[in-house]
Amino acid sequence: MNGQRYLVLDSFRGLCAIFVVVFHMRVLNSITEFSFFKGSDLFVNFFFVLSGFVMSHAYIKRSNITFTGYISSRFRRLYPLYFFMLIVFIGLEFAKYIAYTKMGITLNAVPFTGKAAPDEIIPNLLMIQAWTKFTEHLSFNYPSWSISIEFYTYILFFIAMHFFKKYFLLACVATPTIFILLHLITDGAITEYAANGVFCFFVGVVTYSFSNVALTNNKIIATTVEFLALLAIYFVVSSDVAIKHILSTLLFSLTIFIYSRESGAISSILKTKPFINIGKWSYSIYMTHAAILFCVISAFMVIQKITGKELTIMVNGDRTLNLGSTAFNNILVALVICITIIASSMTYRFIEMKFHKKKEIIKEDCKVIVK
């Protein structure tokens with residue numbers, strides 16, 4: 001598949017983004033309370049592993065890659081939407097301020113305090129908020145912490161690829177090991193999120209090194225293996241085992257390896273247009289959903305204030321929505337997912353693609369086709 005997209009893995013990324021959306025939702029007596037969705041924060045690890053895998057596919061066999069061309073393509077891929085959503089969240093803080101001062105409503109926190117304090121703006125602009133304990137990794141658009149990790153991990157990948165060609169796999173093992181040790185010996189100055197993200201990314205890189213290993217082309221066997229991989233993911237994500245983070249990362253690696261072959265019936269389903277579109281919009285789904293959830297919760301709080309009808313309650317410290325019945329609550333979850341997907345299709349078109357055109361060649365000397 002050299003030079004081609006892994007469409008099935010793209011679809012996987014889209015589904016995982018939706019799982020993360022549901023993980024962040026709090027709706028009483030709905031699917032958000034299922035063990036699987038309560039553990040779906042683990043799919044951020046899937047993003048890191050998949051990123052390492054597809055970056056290896058895109059770059060390892062290319063020659064004459066310049067750092068300027070490389071980092072330009074990565075920056076243009078991530079930063080426009082990242083920056084747009086940061087501006088959106090700063091705007092939401094002003095909206096919170098109006099609600100707080102004019103209506104007496106506190107929407108999740110006093111505006112411009114804590115995770116939305118003004119001194120968190122610069123770390124967010126520089127995408128460093130998740131790297132050290134001196135900044136708040138969940139500040140403003142909280143899902144963007146992983147983008148903070150991913151962008152600078154791209155630089156680590158370039159260093160390993162460019163300066164350690166003869167010892168590339170060794171560098172891929174050494175790099176996350178160094179960051180894990182830095183986390184341990186610096187009393188968390190380098191965060192566990194950084195160490196984990198670097199580890200998962202390079203697991204994906206190492207996984208790609210096995211991509212030429214032959215697997216069966218038998219449709220029945222391939223479908224069975226694909227199904228078993230999904231079943232294993234379901235049980236691990238839903239479980240409470242102590243080592244589920246490491247176990248899930250290794251399982252994600254195996255699943256990516258299996259589905260990269262696109263040889264089973266499940267892969268065929270994931271190559272249909274609805275799944276391909278969700279995969280295409282996955283970055284937008286991931287980056288926009290927190291703002292959409294905030295707006296939905298805020299709207300319910302305002303309606304509650306005006307009507308006196310209890311629509312939100314606190315459960316274990318989380319603002320939880322409740323429309324009064326299991327059916328209505330699950331319909332609400334579905335509506336929020338649909339709104340997120342529709343909004344994401346728009347941000348993909350009008351923001352992501354404005355800066356990162358499909359099949360655009362960033363620089364001739366870079367020889368990197370940006371997808």
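Derivation of every value follows stated rules applied to the coordinates shown; laboratory data play no part. Quick caveat: nothing in here was measured; it's all calculated off a predicted structure. A quick note on method: Cβ atoms are made from the backbone with ideal geometry, for glycine too, and the neighbour counts reach across all protein chains shown.
What separates the Cα centres of the stretch 295-316 and the stretch 319-347 is a distance of 15 Å.
In terms of its C-alpha gyration tensor, the stretch 214-371 comes out oblate, because a/c is 1.5 or above while a/b does not outweigh b/c.
Using square roots of five times the C-alpha gyration tensor eigenvalues, list the equivalent-ellipsoid semi-axes of the stretch 1-105 in whole Å, biggest first.
Details: eigenvalues 249, 111, 15 Å².
Result for the stretch 1-105: semi-axes of 35, 24, 9 Å.
When the stretch 10-364 is described by a simple charge dipole with +1 on each Lys and Arg Cβ and -1 on each Asp and Glu Cβ, the residue from Ser268, Ile285, Cys295 located farthest towards its positive end is Ser268. Phi angles across the stretch 310-321 convert, under the Karplus curve 6.51 cos²θ - 1.76 cosθ + 1.60 with θ = phi - 60°, into 3J(HN,Hα) values of 6, 10, 10, 9, 9, 10, 6, x, 10, 5, 10, 8 Hz, Gly and Pro given as x.
Shown here: the stretch 1-52, whose C-alpha atoms stretch 46, 16, 13 Å along the first, second and third principal axes, sorted largest to smallest. Shown is the FRET efficiency for Ser268 and Lys102, computed with R0 = 56 Å from the Cβ-Cβ distance and rounded to the nearest 0.05: 0.55.
Multiply the residue gap between Thr216 and Ala117 by 0.36 nm, knock off their C-alpha separation, and tell me the result in nm, one decimal place. Show your work: numbers first, answer last.
Working: separation 99, 0.36 × 99 = 35.64 nm, distance 5.43 nm.
In short, 30.2 nm is gained.
With R₀ fixed at 35 Å, the C-beta to C-beta distance from Ser345 to Ala242 puts the FRET efficiency at about 0.35.
Counting only Cα atoms, the stretch 107-149 measures 28, 18, 17 Å along its principal axes, largest extent leading.
Positive end of the charge dipole of the chain (Lys, Arg +1 and Asp, Glu -1 on Cβ, about the Cα centre): tell me which of Cys172, Ser345, Ile233 has its Cα farthest that way. Working it through, the farthest residue towards the positive pole turns out to be Ser345. Pairs over the 26 Å Cα-Cα cut-off, from the set Lys96/Lys309; Lys102/Lys309; Lys165/Lys271; Lys166/Lys354: Lys165/Lys271; Lys166/Lys354.
Once the Cα-Cα distance is subtracted from the 0.36 nm per residue extended length, the Phe134 to Asn64 segment shows a gain of 21.4 nm. Around the Cα centre of the chain, unit charges on the Cβ atoms of Lys, Arg, Asp and Glu (plus for the first two, minus for the last two) sum to a dipole of about 1180 debye. Shown here for the stretch 259-354: GluC sites (Glu not before Pro) in loop regions (DSSP other than H, G, I, E, B) with at most 16 other Cβ atoms within 10 Å, namely Glu310.
Remind me, relative contact order of the chain in percent, using alpha carbon pairs under 8 angstrom and six or more residues apart? Provide the component values of the computation, followed by the final result.
Values: 491 pairs, mean separation 116.2, N = 371.
31 percent.
Can you give me the span-like helices of the chain, meaning DSSP H runs with 30 Å or more of Cα extent along the axis and Kyte-Doolittle mean at or above 0.5? Numbers along the way, then the final one.
Numbers: long enough: 67-98 (45 Å, 0.85); 282-307 (37 Å, 1.35); 326-347 (32 Å, 1.84).
Length and hydropathy pass: 67-98, 282-307, 326-347.
For the options Ala99, Ala334, Ala214, a Gaussian network treatment of the chain with springs between C-alpha atoms closer than 10 Å singles out Ala214 as fluctuating the most.
In the stretch 145-253, which chymotrypsin sites (Phe, Trp or Tyr not before Pro) are in a loop and have at most 13 other Cβ atoms within 10 Å, using DSSP for the loop call? Please list the in-between numbers first.
Numbers: sites: Trp145, Phe151, Tyr152, Tyr154, Phe157, Phe158, Phe163, Phe164, Tyr167, Phe168, Phe179, Tyr193, Phe199, Phe201, Phe202, Tyr208, Phe210, Phe227, Tyr234, Phe235, Phe252; in loops: Phe164, Tyr167, Phe210.
In loop regions of the stretch 145-253 (DSSP not H, G, I, E or B), the sparsely surrounded chymotrypsin sites (Phe, Trp or Tyr not before Pro) are Tyr167, Phe210.
Taking every alpha-carbon pair under 8 Å whose residues sit at least 6 apart, the stretch 216-324 reaches a relative contact order of 20 percent.
On alpha-carbon atoms, Rg over Rh for the stretch 67-119 using Kirkwood Rh? All intermediate terms of the calculation are to be shown ahead of the outcome.
Values: Rg = 16.0 Å, Rh = 12.9 Å.
Here the Rg-to-Rh quotient is 1.24.
Close amide H partners of Thr132, meaning residues 5 or more places away or on another chain with modelled amide H under 5 Å apart, are Thr191. Would you please give the FRET efficiency between Thr307 and Leu125, computed as 1/(1 + (r/R0)^6) with r the Cβ-Cβ distance and R0 = 35 Å, to the nearest 0.05? It comes out at approximately 0.30.
Computed over the chain with a Gaussian network model linking Cα atoms closer than 10 Å, the most mobile of Ser51, Ser209, Ser40 is Ser209.
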